[in-house]
Amino acid sequence: MTTESTTHTDTDTDTAGSSGTGSEAVATGTGPGAGFATTLTDAVVDSLHGAADPRLRELLAALTRHLHAFVRETRPTMAEWERAICFLTATGQTCTDTRQEFILLSDVLGVSMLVETINGQGGDSATTESTVLGPFHMTESPVRENGANIDLMGKGEPCVVSGRVLSRDGTPLPGAVLDVWQADGEGYYDVQQPGVQPPGNGRGLFTADDQGRFWFRSCVPSPYPIPTDGPVGDLLRATARHPYRPAHIHFIASAKGHDPVTTHIFVAGSDYLDSDAVFAVKDSLVQDFAETDNPSLAREFGMPSPFRHARFDLVLEPLEPSRRQEPLERS
């Protein structure tokens, strides 16, 4: 995506400033078009009063006011407006059953992280902090037993990920469900390489045992670029931004009577921890994948020794009684 700049000559500026006419005068509330620009916004907001859903009415009214204010502030040319429409159209056309370009756009603009932070748990150190869903949760994770290996390609450095799912007070949550997905050792998700990776590679739906424990085998994830062959890639290039994400594994943890959390664990020492393309890194989510030279533990996990091991707990916030809901169901 390229951005056209709007230039104004000294003559244009002098004319608008001296007579109070032109697009700048409209934008600042002076000149013959200013009254219509203001009443236009009011008219659009008024047209929403018939919406039966009050929250929908609130959201659309706020969107209209902010969007109109943006237009008044930035004064896009018709060519820039048309380019923006084409960009959004192309974003929609890039979406498929296994690719969500609009989520990717939301991610790189920081909107996904802002929405997740406002709505997510982890406002204090007692519970696991949330972070973005990402654009690759586009297929159902296969049900797997604890101890299963989700790395079906065997291209990365083997590791074990283990821990517990707990309530805020430290009580284990037996039967908690963990939806897990990650890129392979070369930085690709299964949906990015159909015909190369088997469906479900790097994914698993696990159930915590009677002590709230979970464990699975995989490969240590590696940093990777988000897709850049679509409109979002054009946007990154136009703004001289890199597309890389630090190495991480995705989790959605849910348990009866608790608020689910969407989160990652990031690999300590990974590149791009301080410049994640989607702004999703939180210090509490960075975990050490430590080299473990323990033959007995290796045999227990079915791993060679030494192996890499990440251990951490996922701590969920209890729901208020009026908001009780069921966890993810295993099929």
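Quick notes
- Residue check, Pro327 modelled with pLDDT under 95, over 14 Å from Cys159 (Cα atoms) and either β-branched (Val, Ile, Thr) or crowded, with 16+ Cβ neighbours inside 10 Å (or both): yes
- Subset of region 303-324 (residues that are in a loop (DSSP other than H, G, I, E, B) and without any contact (Cβ under 8 Å) to a residue 40 or more places away in the chain): Ser305, Pro306, Glu320
- Checking each residue in region 47-58 for being in a helix (DSSP H, G or I) and either surrounded by fewer than 11 Cβ atoms within 10 Å (Cβ to Cβ) or not acidic (Asp, Glu) (or both) picks out Pro54, Arg55, Leu56, Arg57.
- Some residue of region 240-263 being assigned to a loop (DSSP other than H, G, I, E, B), open to solvent by 10 Å² or more (accessible area, probe 1.4 Å) and within 19 Å of Glu140 (Cβ to Cβ): yes
- Any pair with Cβ under 7 angstrom, 6 or more apart, that starts in region 148-161 at a residue that is open to solvent by less than 20 Å² (accessible area, probe 1.4 Å) and ends at one that is modelled with pLDDT of 95 or more and of a type in the set (Lys, Arg): Ile150/Arg144; Ile150/Arg203; Cys159/Arg308; Val160/Arg217
- When region 302-316 is filtered for residues that are touching a His at 6+ places or on another chain (Cβ under 9 Å) and at pLDDT 95 or above, only Leu316 remains.
- If you go through region 282-302 and pick out every residue that is free of Cβ contacts under 8 Å to residues at least 60 places away in the same chain and either open to solvent by 30 Å² or more (accessible area, probe 1.4 Å) or assigned to a loop (DSSP other than H, G, I, E, B) (or both), you end up with 13.
- From the list Asp234, Asp229, the one residue that fits, being open to solvent by 50 Å² or more (accessible area, probe 1.4 Å), in contact (Cβ under 8 Å) with a residue 60 or more places away in the chain and under 20 Å from Thr89 (Cα atoms), is Asp234.
- Test result for Gly170, surrounded by fewer than 18 Cβ atoms within 10 Å (Cβ to Cβ) and either assigned to a loop (DSSP other than H, G, I, E, B) or at pLDDT 95 or above (or both): yes
- Selection status of Ser270, among the hydroxyl-bearing types (Ser, Thr, Tyr) and over 17 Å from Gly156 (Cβ atoms): no
- Being without any contact (Cβ under 8 Å) to a residue 24 or more places away in the chain and either touching a Phe, Trp or Tyr at 6+ places or on another chain (Cβ under 7 Å) or open to solvent by less than 20 Å² (accessible area, probe 1.4 Å) (or both) is a property that Gly269 lacks.
- Residue count for region 174-214, restricted to those that are part of a loop (DSSP other than H, G, I, E, B), open to solvent by 40 Å² or more (accessible area, probe 1.4 Å) and farther than 17 Å from Val161 by Cβ: 8
The values are calculated or read from the model by the stated rules, or taken from the named source; none is laboratory data. Because the structure is a prediction, the values reported are computed rather than measured. Ideal geometry is used to build each Cβ from the backbone, glycine not excepted, and the neighbour counts take in all protein chains shown. When the accessible area is computed, the model is the full protein with side chains, heavy atoms only, and any ligands, DNA or RNA have been set aside. Shrake-Rupley method; radii C 1.70, N 1.55, O 1.52, S 1.80 Å.
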